[in-house]
Amino acid sequence: MDDTENMFAAAAERIFTDMADLQTAADAPYGAWRGALWQTLLENGLTLAMVPEELGGVGMAADQAFELLQVAGRWAVPTTLADTMIANWALALTGCDPNGEGQIAIVDPLRSTIQIDDGGLINGWAVGVADASTATLIIAIAEHEGSPQLILIDPETCKIESGKSLSFENADRVTVTGAAPLRVEPLGDAVNILEMAAVGRAHQIAGALEAMLDMSVDYAKQRVAFGRPISKFQAIQHHLALLGEETAAAVSAACSAADALAMDTKGPELLLEVASAKIRCGEAAERGCAIAHQVFGAIGYTAEHPLHRLTLGALAWRDDFGNESHWALKLGDQIMQQPADALWPLLSSR
């Protein structure tokens with residue numbers, strides 16, 4: 001980890017500690033802190049983390065930028081930062097101007113029917129679009145003339161219906177009927193938003209699990225039952241050990257995928273990394289959230305307690321940009337298309 005990486009990760013940690021405290025967010029989930037937090041993120045350039053410096057960005061590599069998302073996951077920060085950061089990266093790579101002033105919503109291609117018709121107009125719908133109702137720009141991916149295209153959509157040309165994700169964050173339905181796109185750019189092999197977004201969500205889950213582990217350990221030390229802290233009971237120690245295992249596995253898988261992206265890995269090697277990260281982090285979210293709530297007991301389920309922001313956030317992120325089933329099927333299909341003797345070299349090379 002170099003000094004620049006330390007600097008931005010530390011800055012993000014300070015911002016979230018000061019402005020997105022878990023208890024404050026639990027007490028006022030839609031409070032004024034959200035607007036103030038977003039403005040601070042813009043002022044510190046975090047939404048332009050992966051945009052090259054010559055285009056006004058920070059110029060971070062993928063592994064460094066995703067570390068910021070892992071920090072954001074520890075504070076259950078809404079997905080606006082992750083999606084805007086990844087969207088600006090895609091805009092820069094396709095020759096579009098990054099948006100350093102507003103929120104950008106990304107359409108999950110696995111939850112969308114948006115297409116470009118023969119007349120160049122966009123039609124279709126998408127569900128679960130995070131913060132579409134407050135975004136200044138929406139980007140989508142669609143096949144057109146035999147190749148994937150990046151579509152820039154003006155939210156004013158869409159019908160946006162409010163919705164909520166599992167974590168009660170904005171997850172809107174967007175419908176487009178015969179609207180002209182702001183811009184359409186071909187996506188080259190180097191720009192795969194689905195893979196980038198999936199790894200971003202993996203890092204958010206990993207960060208949330210880290211916070212769950214810390215919170216659970218602290219609570220177990222403080223909570224007294226039968227005259228002693230519950231951390232002294234073997235059953236609780238076993239739960240915490242399992243939570244630690246799930247957290248370590250998620251962090252390892254997410255960071256490995258980010259390293260692969262930073263090194264511009266291609267083909268089956270990249271698919272293995274991305275699929276492994278999203279699958280393992282999704283599994284860890286399911287198991288880790290259950291363990292954390294078992295340690296906390298009934299208090300962790302209350303709206304007033306901050307634990308639910310982490311657990312619901314991790315479970316919601318689990319389904320974004322492909323759940324475990326999607327990536328397992330995609331990885332299995334890739335492996336089946338390769339010769340029988342190709343699997344072990346692929347695994348051992350990672």
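Bear in mind that the values in this text are calculations on the coordinates, not laboratory data. Just so we're clear, the structure is a prediction, and the values are computed from it rather than from any experiment. Cβ coordinates were reconstructed from backbone atoms using ideal geometry, including for glycine residues, and neighbour counts include every protein chain displayed.
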Anchor Lys232: aspartates and glutamates whose Cα lies under 16 Å away (excluding residues fewer than 8 positions away in-chain)
Asp218
Positive end of the charge dipole of the chain (Lys, Arg +1 and Asp, Glu -1 on Cβ, about the Cα centre): tell me which of Ala198, Tyr30, Ala105 has its Cα farthest that way.
Tyr30
Taking the 0 to 90 degree range and rounding to the nearest ten, how far is the long axis of helix 3-19 tilted relative to the main principal axis of the chain, both from C-alpha atoms?
70 degrees
Calculated from backbone phi, Karplus (6.51, -1.76, 1.60) coupling profile of the range 145-161 in Hz, x at Gly/Pro
6, x, 9, x, 10, 8, 10, 9, 10, 7, x, 5, 8, 10, 9, 10, 10
Rounded to the nearest 0.05, what FRET efficiency is calculated for Thr177 and Glu245 with R0 set to 56 Å and r the Cβ-Cβ distance?
0.70
Calculate the FRET efficiency for His144 and His238 from the Cβ-Cβ distance with a Förster distance of 41 Å, rounded to the nearest 0.05.
0.15
Proxy reagent accessibility, fewest Cβ within 10 Å first, across Asp83, Asp259, Asp218, Asp108:
Asp218, Asp259, Asp108, Asp83
Among Gly35, Gly119, Gly207, which one moves the most in a GNM of the chain with springs linking Cα atoms closer than 10 Å?
Gly119
For the chain, take the longest principal axis of its alpha carbons; what is the angle in degrees between that and the long axis of helix 193-222, to the nearest 10 within 0 to 90?
10 degrees
Using 0.36 nm per residue of separation minus the Cα-Cα distance, give me the extension gain between Ala303 and Gln23 in nm, one decimal.
99.8 nm
What length, rounded to one decimal in nm, is gained on full extension from Ala9 through to Asn123, with 0.36 nm per residue of separation minus their alpha-carbon distance?
37.1 nm
The range 193-349: relative contact order as a whole-number percent, Cα under 8 Å and 6+ apart
33 percent
Distance-filtered residues of the range 91-121 - backbone nitrogen under 15 Å, label point 7 angstrom along Asp264 Cα→Cβ:
93-94
Taking N as the number of residues in the chain, what is its Cα Rg relative to 2.2 N^0.38 Å?
1.01
Compare the peptides 222-234, 326-338 by average per-residue count of other Cβ atoms within 10 angstrom and give them in order, highest first.
326-338, 222-234
Gap separating the Cα centres of the range 300-350 and the range 213-276, nearest whole Å:
15 Å
Please list the equivalent ellipsoid semi-axes of the range 193-349, computed as the square roots of five times the alpha-carbon gyration tensor eigenvalues, in descending order and whole angstrom.
35, 15, 12
Computed E for Asp214/Ala328 - FRET, C-beta separation, R0 22 angstrom, nearest 0.05:
0.15
For the chain, find the longest principal axis of its Cα atoms and tell me its angle to the long axis of helix 267-296, 0 to 90°, nearest 10.
40 degrees
For the range 131-156 versus the range 44-90, the gap between their alpha-carbon centres in whole angstrom:
19 Å
Length gained when the stretch Ser349-Thr113 is fully extended (0.36 nm per residue, less Cα-Cα span):
81.3 nm
Could you rank the peptides 160-173, 310-323 by their average count of other C-beta atoms within 10 Å per residue, with the highest value first?
310-323, 160-173
Could you list Trp344, Trp33, Trp75 so that the one with the fewest beta carbons within 10 Å of its beta carbon is first and the one with the most is last?
Trp344, Trp33, Trp75
Taking the chain as a Gaussian network, where each spring joins two C-alpha atoms under 10 Å apart, which residue of Ala25, Ala87, Ala275 fluctuates the most?
Ala25
Spelling it out for Leu150: with amide H atoms placed in the peptide plane at 1.01 Å from N, the residues 5 or more places away or on another chain with amide H under 5 Å from its amide H are Glu185, Leu187
